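So the structure is just underneath, and the comments pick up after that.
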Amino acid sequence: MILLDGKKVASDIKAEIAIEVRHLKDKGTKTPHLAAIIVGNNGASITYVNAKVKACERVGFESTLVRLPEEISESELLNEIAILNIDNTIDGFIVQLPLPKHIDEQKVLMAVNPNKDVDGFHPTNVGKMALNLPTFISATPFGILELLERYQVETSGKHVVVLGRSHIVGSPMSILLSQKRKVGNATVTMCHSRTKNLKALTLQADIIIAAIGIPEFLKADMVKENVTVIDVGITRLADSSKKSGFKLVGDVAFEEVAKKSEFITPVPGGVGPMTIAMLLKNTLLACKRNA
Ligand code: GUN
């Protein structure tokens with residue numbers, strides 16, 4: 001069993017980005033600048049956004065955090081987005097999800113200038129991704145592609161089973177891995193809550209991408225020997241033995257599935273750290289496009 005060490009790979013990528021930023025600074029070119037909007041007080045979201053800002057500082061990017069109250073109206077939020085859209089000092093920005101219930105998420109994502117949409121959530125960028133045109137690929141799928149590439153996990157001709165059809169992970173992952181690209185050329189089966197005989201499908205999989213948000217859903221009896229498992233799940237479960245009061249659990253019963261796996265990502269330390277590294281990579285790309 002080989003652990004797909006996202007923490008290490010993310011750290012390598014950030015080091016590579018930091019070198020590029022140094023070169024940009026030496027040339028007197030603009031420093032990449034990422035902004036993040038966060039609405040409300042969701043603990044997990046605040047943790048993620050703070051980690052994104054901290055990662056910017058580490059690689060030499062500039063960062064701006066826009067914190068807005070839970071009660072902000074949709075039109076006020078759209079106004080904040082309009083300000084970032086025309087601010088030439090900012091290369092890219094994200095609106096951290098989820099948003100409060102009274103705000104239409106789709107409307108908000110569509111308001112982001114596609115050229116600054118480093119999350120790759122705007123329909124224009126999703127469309128380009130689906131057509132295999134150059135664009136911002138969202139951080140989580142992009143991170144998974146990068147992890148598979150750096151560990152030289154063969155995807156060509158393999159049967160990939162994707163669990164989950166979310167717009168953020170399951171859907172783009174299915175599209176990307178079936179495309180004619182370096183990490184791609186796979187035969188993809190996308191499974192969701194209405195899928196029948198799920199176990200019969202996962203048992204056929206060479207690679208499983210688990211992104212359904214159900215802790216320890218994928219068990220050892222659902223996978224074949226030498227499977228590759230990418231666990232995107234990250235659920236906080238109460239744990240009084242931890243200082244934080246919770247532990248992080250993925251969608252995979254790690255201990256038992258790892259015994260049958262050729263490659264597997266841990267939780268935490270697998271896909272999670274990769275997403276931040278890839279967001280930085282997209283921001284660097286946005287900055288270079290503007291240069
Ligand atoms: N919430 C969970 N994942 C993400 C992400 O990749 N980007 C944003 N903006 N919000 C998220």
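The values are calculated or read from the model by the stated rules, or taken from the named source; none is laboratory data. All figures in this text were calculated on a predicted structure; none of them were measured in a lab. Because the Cβ atoms are built from the backbone with ideal geometry, glycine has one as well, and the counts that use them run over all protein chains shown.
A few points about this structure:
- Residue within the range 233-249 that is buried (at least 22 other Cβ atoms within 10 Å of the Cβ) and under 23 Å from Glu154 (Cβ atoms) present: no
Residue by residue, here is whether (1) within 16 Å of the ligand (Cβ to nearest atom); (2) closer than 30 Å to Ala18 by Cβ; (3) touching a helix residue (DSSP H, G or I) at 6+ places or on another chain (Cβ under 6 Å); (4) not polar (S, T, N, Q) holds:
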position	(1), (2), (3), (4)
Arg236	yes, no, no, yes
Lys247	no, no, no, yes
Ile264	no, yes, yes, yes
Lys288	no, yes, no, yes
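- Cβ-Cβ under 8 Å pairs, at least 6 apart or on other chains, the range 15-44 side closer than 30 Å to Thr235 by Cα, far side in a strand (DSSP E or B) and at pLDDT below 95: Ala44/Arg236
Matching residues to (1) modelled with pLDDT of 95 or more; (2) surrounded by 16 or more Cβ atoms within 10 Å (Cβ to Cβ); (3) more than 15 Å from the ligand (Cβ to nearest atom); (4) more than 19 Å from the chain's Cα centre (by Cα):
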position: Glu80; (1), (2), (3), (4): yes, yes, no, yes
position: Gly92; (1), (2), (3), (4): yes, yes, no, no
position: Ala111; (1), (2), (3), (4): yes, yes, no, yes
position: His122; (1), (2), (3), (4): yes, yes, no, no
position: Ala130; (1), (2), (3), (4): yes, no, yes, no
position: Ile144; (1), (2), (3), (4): yes, yes, no, no
position: Val161; (1), (2), (3), (4): yes, yes, yes, no
position: Gly164; (1), (2), (3), (4): yes, yes, no, no
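- When the range 37-54 is filtered for residues that are more than 21 Å from Asn282 (Cβ to Cβ) and either in contact with a Ser or Thr (Cβ under 6 Å, 6 or more places away or on another chain) or more than 9 Å from the ligand (Cβ to nearest atom) (or both), the ones remaining, listed by number, are Val39, Gly40, Asn41, Asn42, Gly43, Ile46.
- Under the condition of being crowded, with 18+ Cβ neighbours inside 10 Å and of a type outside the set (A, V, I, L, M, F, W, C), the residues counted in the range 250-272 number 7.
- Selection of the range 32-72 for residues being in a loop (DSSP other than H, G, I, E, B) and not aromatic (Phe, Trp, Tyr) yields Pro32, Gly40, Asn41, Asn42, Gly60, Pro69, Glu70, Glu71, Ile72.
- Criterion violated by Ile137 - all others in (1) more than 18 Å from the chain's Cα centre (by Cα); (2) in a loop (DSSP other than H, G, I, E, B) satisfied: (1)
- Conditions (1) more than 16 Å from the ligand (Cβ to nearest atom); (2) over 13 Å from Ala130 (Cβ atoms); (3) of a type in the set (Val, Ile, Thr): number failed by Ile175: (2)
- The residue that is farthest from the ligand (Cβ to nearest atom), counting only those in the range 17-28 that are closer than 18 Å to Val118 by Cβ and among the β-branched types (Val, Ile, Thr), is Val21.
- Residues of the range 196-224 that turn out to be in contact with a helix residue (DSSP H, G or I) (Cβ under 7 Å, 6 or more places away or on another chain), without any contact (Cβ under 8 Å) to a residue 60 or more places away in the chain and of a type in the set (Val, Ile, Thr), as a count: 3
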